[in-house]
Each structure stands twice: as structure tokens, then as C-alpha cells.
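Worksheet: the structure to be examined is printed underneath.
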Amino acid sequence: MAACTLVSAWGPLRPGVPGLCRRRPSRGLWAHARRLPEPAGSGRSVAAVSGPGASGTDRYCLELLRKRDYEGYLCSLLLPAESRSSAFALRAFNVELAQVKDSVSEKTIGLMRMQFWKKTVDDVYCDSPPHQPVAIELWKAVKRHNLTKRWLMKIIDEREKNLDDKAYRNIQELENYAENTQSSLLYLTLEILGIKDLHADHAASHIGKAQGIVTCLRATPYHGSRRRVFLPMDICMLHGVSQEDFLRKSQDKNVRDVVYDMASQAHLHLKHVALEDYLKKIQQVDFDIFHPSLQQKNTLLPLSLYIQSWRKRY
């Protein structure tokens, strides 16, 4: 992929150029945002979100999200109450699959766990889910919304292929992975919401790809600490960057150019959703992927998501 194409695509977002206008929200919005549960809240706040009749399996999924996918947890809170528990189940299913790779010491064990989830999905559609919290909640979601089995299987299959510790050969390979995981998750979310619209599906495809690229960037410091680098090889080669450059946390310009090109590609897919927060932050530190500020949780994210939801912007 030509670097000049990517640079021209995101030129206006280079450091030093004014960003979007920011208006302070009204005091009423601040008050509403304060009601969103905190990431380390008590069991009482969990019950409040789940509802008084929440089951133990429902609470298990919610807690799993709060610990492993906080941003997904916050986004799910903004969905209609009747769709919330199904969204929690869907994202908890995704978390279970995502953490297989980092929780096993051998690929064989990872394949066995993926096989468990394949059989689980088959059993869910046969109305006989195993006695596992996420599986039970997923079964409820499938029954409630008639979810498409193909999207669930795509997520498992793609996660299974990704068990190999190999860098993506090119940005398109990363986008394909994101399409089959993140975008599939969004297609299922649209089904939970009862939305059947080609334009919505098109948007979900782009958002999923952008999310996949951003996730790959955000996870780079963590993967580097474990002596792993998954950034697309074609972009690294284009700028003369080796895996060792990332492992030693190099701040050279060519390393930043790799990050810039990937961030530019993500920006081509979307402009105004939650992922934009990370893209703006990485721009402000001149694409230094190891800058300490990028490792900090955005404490204003609940408020930001609430305001965007109120304005019907995503």
C-alpha cells in the first residue's frame, strides 16, 4: 500500500492542526452520565444494570465485560433495556474467544477450547446449551432474537486461525480478520436491535475493520512485552522497520510512520465513533505508540459515549 496514499488520506489530522470543535455539555447531561456504573463498582451497581430479576449467568457476563471489555460494556449500557442482556451475552462470548490465545501455553489446547465453543454454538441451536454461564446467556439471546448462526461461527473460525503467533502479511489480511470478528459481532448486534438495513450493515463492516486496526495498535505494547509483534509486515517493510524495533520500543520516525499509516487506514473506515478517541490521542503524541498517555484509561469515556448517544452520533 503506497505511503503517499495513506498520508494524503489523513493529512489534516497531523499534529498541530485544529481538531473538532468541543462544546461543554449541559449540566443535565453531566448528571445523566454520572449514573453510568463505574468499572470497579460494587455488586449493587451490577444488580442495578442487570435488573432485579437478573440471573447469575447474566451477572457473570456483565462482570466479564466490565473486567475484559470495558468499552464494549459501556456501549452495551446505551442500548435499549430489552436488548441489553443479549448484547452482554454476545460480547461475553467474544471475550471468551479472544482470551483463549493468551491463556494457553500450547496451540493444541487453544484448538480444543475453540472446538468446545463450536460444539457449544451447535448445541445452542439445538436448544441444549452446556452448563456454562456465557453459553446459557447466548442461548437465551439466540432464542430471543433468532440470531444468525453463521456470524457466530465466523468469529470462532477466525479466532481459531489466529492462534498462530504470526504477524499479518499485509493490512488487507488484518482487515479480513477484523471483518470476520469485529464486523460479525456488529452484524449480530444489529440483529439484536431488530435492524435489517443494508446501509447499517455497510457501516458495521467499516466500523469493524477500523476497530480491528485500532485494537491491533493498542495491543502492540502488551504484545511487545511478551516478545510478540503482529503489525502488518508490508507496512513495516515499506518503512524499513523490523520487529525488533517494536520490541525495544523504538521512537524513531520510521516506527511512527508505520503507526501513522495504520491509523490512517483506520480513519478511512470511520470518523466519528468511540475509536476516534484513540486515533486523536495517538495523533497528539506524534504516533508514538509507546507513549504513557496511551496506556491510561479514558475516565471521561462514559460521559463521551452518553453524549454521542444523546446526539445520535456514533
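The values are calculated or read from the model by the stated rules, or taken from the named source; none is laboratory data. Quantities reported herein were computed from a predicted structural model and do not represent experimental measurements. Here the Cβ positions follow ideal geometry from the backbone for every residue, glycine too, while neighbour counts run over all protein chains shown. The protein model used for the area step is the full one, side chains on, heavy atoms only, and it has no ligands, DNA or RNA in it. Shrake-Rupley method; radii C 1.70, N 1.55, O 1.52, S 1.80 Å.
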inquiry  = Can you pull out every residue in the range 96-112 that is open to solvent by 10 Å² or more (accessible area, probe 1.4 Å) and within 23 Å of D58 (Cβ to Cβ)?
reply    = E96, A98, Q99
message = If L90 satisfies all but one of (1) at pLDDT 95 or above; (2) surrounded by fewer than 18 Cβ atoms within 10 Å (Cβ to Cβ), what's the number of the condition it fails?
response = (2)
inquiry  = I need every pair where a residue in the range 203-228 that is touching a residue at least 40 places away in the same chain (Cβ under 8 Å) and under 21 Å from L188 (Cα atoms) has its Cβ under 6 Å from the Cβ of a residue that is assigned to a helix (DSSP H, G or I) and among the hydrophobic types (A, V, I, L, M, F, W, C), sequence separation at least 6 or different chains.
reply    = K209/A178; A210/A266; I213/M262; I213/A266; V214/A266
task = Among the residues of the range 105-125, write down those that are over 25 Å from T189 (Cβ atoms) and either touching a residue at least 24 places away in the same chain (Cβ under 8 Å) or under 21 Å from the mean Cα position of the chain (by Cα) (or both).
result = K107, G110, L111
task = Quick one: which residue in S242, S264, S250 is at pLDDT 90 or above, within 24 Å of Q172 (Cβ to Cβ), surrounded by fewer than 20 Cβ atoms within 10 Å (Cβ to Cβ) and among the small types (G, A, S)?
result = S242
remark   = Among residues of the range 186-208 being over 17 Å from L152 (Cα atoms) and under 14 Å from the mean Cα position of the chain (by Cα), the residue surrounded by the fewest Cβ atoms within 10 Å (Cβ to Cβ) is H206
task = Go through (1) at pLDDT below 95; (2) surrounded by 18 or more Cβ atoms within 10 Å (Cβ to Cβ); (3) of a type outside the set (D, E) one by one and return the number of the condition A135 breaks.
result = (1)
ask   = Of the residues Y187, Y177, Y168, which is closer than 22 Å to G212 by Cβ, in contact (Cβ under 8 Å) with a residue 24 or more places away in the chain and touching a Pro at 6+ places or on another chain (Cβ under 6 Å)?
value = Y168
task = Would you please name the residue that is nearest to K149 (Cα to Cα), looking only at residues in the range 174-185 that are open to solvent by 20 Å² or more (accessible area, probe 1.4 Å) and touching an Asp or Glu at 6+ places or on another chain (Cβ under 9 Å)?
result = N180
request  = Taking A219 as meeting all but one of (1) at pLDDT 95 or above; (2) surrounded by fewer than 19 Cβ atoms within 10 Å (Cβ to Cβ), write down the number of the exception.
outcome  = (1)
message = surrounded by fewer than 19 Cβ atoms within 10 Å (Cβ to Cβ) and closer than 15 Å to T181 by Cβ: is that true of E158 in this structure?
response = yes
query = Within the range 230-237, can one find any residue that is closer than 22 Å to V104 by Cβ and outside any helix (DSSP H, G or I)?
reply = yes
